[in-house]
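The values are calculated or read from the model by the stated rules, or taken from the named source; none is laboratory data. The model shown is predicted, which means the values in this text are computed figures rather than measured ones. Ideal geometry is used to build each Cβ from the backbone, glycine not excepted, and the neighbour counts take in all protein chains shown. To get the accessible areas, we keep the full protein, side chains included, count just its heavy atoms, and leave off ligands, DNA and RNA. Shrake-Rupley method; radii C 1.70, N 1.55, O 1.52, S 1.80 Å.
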Amino acid sequence: MARALKALINVGALQQNLAKVRARVPHQKIMAMIKADGYGHGLVNVAVALKDADAFGVACLEEALALREAGIKNRIILMSGFYDARSELPLILELNLELVIHHEGQVNDLTLACSKAEVISCAFPAIPVWIKINTGMNRLGFQCDQVQTVFETLSQCSLVKHQGLMTHFARSEEADNVETAAQIDRFFQTVEALPGEKSLANSAAILGMPASHADWVRPGILLFGVSPYPGRIGHDEGLTAVMTLQSELIAIQSVKAGGAVGYGGAYVCKKDTRIGVVAAGYGDGYPRLMPTGTPVLVNGRAVPLVGRVSMDMLTVDLESQPEAKIGDIVQLWSPDLPVERVAAAAGTSAYELLTRLTKRVPFEIC
């Protein structure tokens, strides 16, 4: 019999969340960000459900290839561009992908590829290219004073079709931070005289910064029913959580007062306690450092995690559920137990919890 742990993926909620985003930005195109295995929800599952998105954004060529092999026809943008032009450009052309170009080496590689194509008189289709501008994130992108030169250089390359210009926000989830407004101003000042579509807004900016909406928006975590804002949950934004991480009680121990639970005796029962054992652990992506007291749902009711999370199991205090039995349903996060709240207990983000699930956790589409 299969292990009880699974990730239930509500594709209807995915589609509803996309519709909610589109209602907020009815005049913009949507580039759905589905990198990192669809934020841990299954890359192809997500793409199929979100087929009405105008394009998909992925992190690497491997993700794009998986989408094309699954029959996905939508536009696909490689958000980090290519790493090795010689090995990747032929496949990029074959798969009809778009590139985000963010450093001088990529410009040089495209120029060289263009000159080689012209020398041997080969007719290649042009690759749609987005130029990424560093307006303050200081991670990827050209400095604002480099953009005009980069644009002119790429415009002379027959292998390149100028598609657009984009930037990325560093602090858009901080509602009162002035830096995002400054980034918006820097971007529009830089691209004022340049043609092409513009894209700035991530999930938080879609919700809170209409000035950033431009031609394309790039929702990510919103699509999965999760709020990008600290202290809020997806429901607060009118969204529905897509994933339920579900398992079962696989054992129940009656532990006497003073008895220790799990590795290192990290939790000591203050009184006689029924301890439930759940089939889920850090080998599945549930954090080992999740503290005692983290909420877990058993039969839809909250009980506290106790003791140290082990590789394949974790333990909960069943004092509030004397009727609980082996085989009862356990939810580690769900619409009723928002992943944002679980992440807060772990001192991390919902992004990390969702994307760290390991391959041994199967998906069940519902």
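What the table below lists for this structure:
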item	result
Principal-axis tilt of helix 178-191 within the chain, Cα atoms, nearest 10 degrees	30 degrees
Accessible area (Å², 1.4 Å probe, nearest 10) - THR355	60 Å²
Beta bridges per DSSP with both ends in the chain, % antiparallel, nearest 5	50 percent
Student exercise, the range 307-361 dipole from Lys, Arg, Asp, Glu Cβ charges, in Debye to nearest 20	340 debye
Cβ-based charge dipole, the chain, positive-most Cα from LEU222, ASN177, LEU249	LEU249
When each of LYS73/LYS198; LYS6/LYS198; LYS256/LYS359 is checked by Cα-Cα distance, pairs over 31 Å	LYS6/LYS198; LYS256/LYS359
Heavy-atom accessible surface of the chain: percent carbon and sulfur, 1.4 Å	53 percent
Within straight-line cross-link reach of LYS116, lysines at Cα separation under 29 Å, skipping those fewer than 8 residues along the same chain	LYS132, LYS161
For the range 266-328, convex hull volume per residue from C-alpha positions, Å³	81 Å³
Inter-part distance where the range 10-24 and the range 193-220 are each reduced to a Cα centre, Å	18 Å
Trypsin sites (Lys or Arg not before Pro) lying in DSSP loop within the range 32-102, provided at most 10 other Cβ fall within 10 Å	LYS73
Helix-only CD estimate at 222 nm, as mean residue ellipticity for the chain, using -39500 (n - 2.57) per DSSP H run (n ≥ 4)	-8500 deg cm²/dmol
Over the chain: Rg over Rh, Cα atoms, Kirkwood Rh	1.06
Nearest-20 debye value, the range 251-303 charge dipole, Cβ charges on Lys, Arg, Asp, Glu	200 debye
Inter-centroid distance (Cα atoms) of the range 49-122 relative to the range 145-175, Å	16 Å
Candidates ALA350, ALA280, ALA266, ranked by Gaussian network fluctuation over the chain, Cα under 10 Å, top entry	ALA266
Accessible solvent surface per residue of the range 195-288, calculated while the other protein chains remain in place, 1.4 angstrom probe, Å²	37 Å²
Convex hull volume of the range 42-138 per residue (C-alpha atoms, cubic angstrom)	114 Å³
Of ASN108, ASN96, ASN202, the one that fluctuates the most in a GNM where the chain has Cα springs shorter than 10 Å	ASN108
Filtered chymotrypsin sites (Phe, Trp or Tyr not before Pro), the range 1-104: DSSP coil and at most 15 other beta carbons within 10 Å	TYR83
Relative compactness, the range 249-366, computed as alpha-carbon Rg over 2.2 N^0.38 Å	1.02
Given charges at beta-carbon only (K, R positive; D, E negative), |dipole| of the range 139-249 in Debye	260 debye
The range 182-247 - percent relative contact order, Cα under 8 Å, separation 6 or more	21 percent
Heavy-atom accessible area per residue - the range 36-116, 1.4 Å, Å²	42 Å²
